[in-house]
């Protein structure tokens, strides 16, 4: 499996970061989204982020220019199917991912390996609905992709050893470190991280502390770079809730019950930074706690 081209489906926060690192690693990238505006915004973000890397001396202007030339955008899902490797990075909803893989089916090349950037959904279940479960894996990047060094590799029950070894090679070429996880709800990172954020929500919900004190306690008391509520806003509270629901449904343990306050914030559309309001209000010059 000698990959030369990578198709990235979804031009949002994760997708544009994945396209960025793949292009910098020398892969020809086809970035797909249903929204032309999202594709334009993704390219602009990649241009901005690579320019920042040049200014910091992390990459050369020449390597930046070459990487940008390797990225092609399209709203045609079928254009992705011919790539050697496909990385699905759409919204964290299983029905959407199923529709994407079904829509790809007719255009897939025989050698194409399918992967998903899901942060919690069963790899085995997603793979079973495709024609190549042995060439299907979880390929979970951390956010922000260009900065974070970890990639979780998750094998489904049918994933071949050849596919796994090939993806290990890709991770190395991207300059990242692989952590291999079993196909259980939320894998490793989010199995530990998201319940911590949910517990911080409970601490807020029960009046143990306010937003500011809870975040300060973890930053200064546990040496975390971001407080849990600040981190939840950064990830997206809808994503946090989706992962908690996967954990609760998949493990049937009440310790994974989503906090009612987290549910209310999502119902209000206060999803964090991307909507300008979450546990903090981001509409002014300085974020202000909302509780």
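Hey, could you check region 264-274 for residues that are out of contact with any strand residue (DSSP E or B) (no Cβ under 6 Å at 6 or more places or on another chain) and crowded, with 16+ Cβ neighbours inside 10 Å and say which is farthest from residue 14 (Cα to Cα)? So that I can check it myself, show each step before the final result.
Going through region 264-274, the residues out of contact with any strand residue (DSSP E or B) (no Cβ under 6 Å at 6 or more places or on another chain) turn out to be 264-269, 271-274.
Next, from what is left, pick out any that are crowded, with 16+ Cβ neighbours inside 10 Å: 265-266, 271-274.
On the way: 265: 22, 266: 20, 271: 16, 272: 16, 273: 15, 274: 13 Å.
The extreme case among them is 265.
Taking each residue of region 53-71 that is in contact (Cβ under 8 Å) with a residue 60 or more places away in the chain and looking for partners that are surrounded by 13 or more Cβ atoms within 10 Å (Cβ to Cβ) with beta-carbon atoms closer than 8 Å, six or more apart or interchain, yields 53/59; 53/64; 53/146.
I'm trying to understand the selection: among the residues of region 241-265, which are within 19 Å of residue 275 (Cβ to Cβ), at pLDDT 95 or above and part of a helix (DSSP H, G or I)? Spell out the reasoning first.
As a first pass, look at region 241-265 and keep what is within 19 Å of residue 275 (Cβ to Cβ): 241-244, 258-259, 261-265.
In the following step, the residues that additionally are at pLDDT 95 or above were identified as 241, 244, 258-259, 261-265.
241, 244, 261, 262, 263, 264, 265, listed by residue number.
Given the options 146, 185, name the one that is closer than 23 Å to residue 23 by Cα and touching a residue at least 12 places away in the same chain (Cβ under 8 Å). Break it down stepwise before answering.
On the way: 185 fails: closer than 23 Å to residue 23 by Cα.
Selected residue: 146, the only one of 146, 185 that is closer than 23 Å to residue 23 by Cα and touching a residue at least 12 places away in the same chain (Cβ under 8 Å).
Mind listing whichever residues of region 205-232 are in contact with a strand residue (DSSP E or B) (Cβ under 7 Å, 6 or more places away or on another chain), within 14 Å of residue 261 (Cα to Cα) and not in a loop (DSSP other than H, G, I, E, B)? Correct list: 211, 232.
The values are calculated or read from the model by the stated rules, or taken from the named source; none is laboratory data. All values reported here derive from a predicted model rather than from experimental measurement. Glycine gets a Cβ as well: all are built from the backbone with ideal geometry, and neighbour counts include every protein chain shown.
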